[in-house]
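K.L.:
Below is one structure. I have some questions about it.
The values are calculated or read from the model by the stated rules, or taken from the named source; none is laboratory data. None of these values were measured; they are calculated from a predicted model. When we count neighbours, we look across all protein chains shown, and the Cβ atoms used for this are built from the backbone with ideal geometry, even at glycine.
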Amino acid sequence: MPALQALASSDQFSVNLIVTQPDRPAGRGREIVEPPVKLAAAALEIPVWQPTTLRSDEALQRLSAIDADLFIVVAYGEFFQRATLALPRYGCLNVHPSLLPRYRGSSPIQAAILNGDSETGTSIIKMVRKLDAGPILAQQRYALTSSETGGSLAVELARISAQMLPSVAADWCFQRIQALPQDEDEASYTRELTKADGGLDWHETATTVERKVRAYSPWPTAWTRIGGRRLVIAECAAEGRNWAMLPGSVVVEQRAVFVACGAGSIRLLTVQPEGKRAMTASDWIRGLRSVENLRFDELSREPESAG
């Protein structure tokens, strides 16, 4: 969205077509939902096309007919064929929310938080027929504060990318910028996340658990189970205090709710019980019949839907 709005408002470009994924069911009711970029296109009066794939001959013909100078690709979710990459005069540029070659793939924002990085950033690259491996046109670094969530960091990197994009794209087309190859020896990769990734293992350290809670907010969410029912951990804080209890044991102290981890503990701040609204941890614990010997279930690794 920010990238589209930046390009559409620039006097250097004419955005002639927006290509986005088809409308799909979402949410508990599985109602058909339009992609946000489609709604933005309507407001901007820009034509929208929603193919099921770009790999067909029909798709290639449609894209070729645009006679575009440049394709800008942001989180489209499909690996481009060589023929597609060759269509625009100046190639295809991709916006990626990491400091490439670090964290190629689909979950670089979460990876930066999970690994406790001190900084991340955004990269604009020329696309090639290899995942996020094209030469780099521009990068901008962003210092992390150890308070970001996956959602808040995505918003901030999207804003930074949008500020960079019009000038970088123009400089590329007018040959005022030189693309630098990535160092393959420094490359690392991330994978697509599923709901199962959010399952918390209380044998891990409190620092690891707290990072997972932040990284997986708002999706796929960090969760645990108690009595077989899911409890989403929306917010927590890592504590250095070690309880002489099994990992996953819940301790209530003056209305504060703590969970013992493999090293240290976390304090629960906001949780969401299965089928209920989000609430403070103190409200959740007050609604339980008993808190004696309370312990979260061991993590089960059963397969779950990607959702």
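K.L.:
Considering only residues that are assigned to a strand (DSSP E or B) and either touching a residue at least 60 places away in the same chain (Cβ under 8 Å) or in contact with a His (Cβ under 6 Å, 6 or more places away or on another chain) (or both), which ones fall in region 115-132?
P.N.:
If the condition is that a residue be assigned to a strand (DSSP E or B) and either touching a residue at least 60 places away in the same chain (Cβ under 8 Å) or in contact with a His (Cβ under 6 Å, 6 or more places away or on another chain) (or both), then S123 is the only one that fits.
K.L.:
Next up: If P22 passes every condition in (1) in contact (Cβ under 8 Å) with a residue 40 or more places away in the chain; (2) under 21 Å from the mean Cα position of the chain (by Cα); (3) farther than 23 Å from L157 by Cα but one, which one does it miss?
P.N.:
In the conditions (1) in contact (Cβ under 8 Å) with a residue 40 or more places away in the chain; (2) under 21 Å from the mean Cα position of the chain (by Cα); (3) farther than 23 Å from L157 by Cα, P22 misses (1) alone.
K.L.:
Can you find, within region 144-156, the residue that is surrounded by the fewest Cβ atoms within 10 Å (Cβ to Cβ) among those that are over 28 Å from V15 (Cα atoms) and touching a residue at least 60 places away in the same chain (Cβ under 8 Å)?
P.N.:
Per the stated criteria, the residue is S147.
K.L.:
Would you please list the contacts, defined by Cβ atoms under 7 Å and residues six or more apart or on different chains, that run from a residue in region 292-306 that is loosely packed, with under 14 Cβ neighbours inside 10 Å to a residue that is at pLDDT below 55 and of a type in the set (S, T, N, Q)?
P.N.:
From residues that are loosely packed, with under 14 Cβ neighbours inside 10 Å, there are no pairs.
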